[in-house]
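What follows is calculated from the coordinates using simple rules that are stated; it is not laboratory data. Since we're looking at a predicted model, the values are computed, not measured. Virtual Cβ from ideal backbone geometry, glycine too; neighbours counted across all protein chains shown.
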Amino acid sequence: MRKHFFIAKDRQRGFSLIEMLIVIAILATVTGGIFLQLHNAQQRINAEQTKVDNFDEARDFADQFFRDINQIGYPNQHMVTFLPASLTSAWADTRVAVGLVKINANSIWFEGDVYGTGVVQSVQYKVNGSGTCNLCLQRSTVAKVAADPEAAAQAPSWGTEVNDVISNPIFTYYDTSGTQIAAASLPLDIDSNGLAIAKVKTIHINLRIQNSAILDMQTRQPIESTFEGEVSINNCSMGTTGFVGISCE
């Protein structure tokens, strides 16, 4: 009997080149999608962190402003009777704070013992006070000189600042009746507009910060953060005599 031997062929075979290319293309597409999502997520995280950082920067700066403004006009002749009774004599006495010196839409200038040391400071908040940064709001404090500060042209000492400020106006002012002081009437200063300065009761601050380095994922516009606050001041201004019409309590 003749025997027949059959060798079973291996039914398994490897992937063809085309199949391998298809698999690689699919993997590349999936991997690309994953990395795109990770990239978008990272951008969203960066954008949100930028908003938080900008808001915190604005809040810290505004907190400093509120602490300073709460000491406005302290001490002056409305509080202690032996202190000078006139603005002229108050300018010449470094122990006396005259209160608001000058207000404008993007700057404010006042005197007060802001450090609680008994030394009256001349305090300014101003956009680009140093002349070196167009979009920064800066703070200056210097010891008061025995003279009208505008006439004396005392050099400020610019320090603390908040950057990328695009809000305009930053400061809005309201009088004792709650009426907004018209932007067209600004600036006001204590020498020329004593009674108007003395009537300022409330100051609103608006810090709108725009970081052009990072774009919002949805709008494709630069990241923006806004901080707003308001403070009622005990404005014992020496811009006018007596207490008639002023916001001093």
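Using a cut-off of 25 Å between Cα atoms, the listed pairs Lys51/Lys201; Lys126/Lys199; Lys144/Lys199 include Lys51/Lys201 as exceeding that distance.
When peptides 225-236, 21-32 are ranked by their average number of other Cβ atoms within 10 Å per residue, the highest-first order is 225-236, 21-32. From the largest down, the stretch 38-232 spans 69, 33, 26 angstrom on the principal axes of its Cα atoms.
The separation of the stretch 129-155 from the stretch 160-213, counted between C-alpha centres, amounts to 17 Å. Qualifying trypsin sites (Lys or Arg not before Pro) in the stretch 174-237, where qualification requires a DSSP coil assignment and no more than 16 other C-beta atoms within 10 Å, comprise Arg220. Taking amide hydrogens as placed 1.01 Å from N in the peptide plane, the amide H of Ile181 sits under 5 Å from those of Tyr173, Tyr174, Asp175, each at least 5 positions away in sequence or on another chain. Computed 3J(HN,Hα) for the stretch 56-71, one whole-Hz value per residue from the Karplus formula 6.51 cos²θ - 1.76 cosθ + 1.60 where θ = phi - 60°, is 5, 4, 5, 5, 4, 5, 5, 4, 4, 4, 5, 5, 5, 5, 5, 9, glycine and proline marked x.
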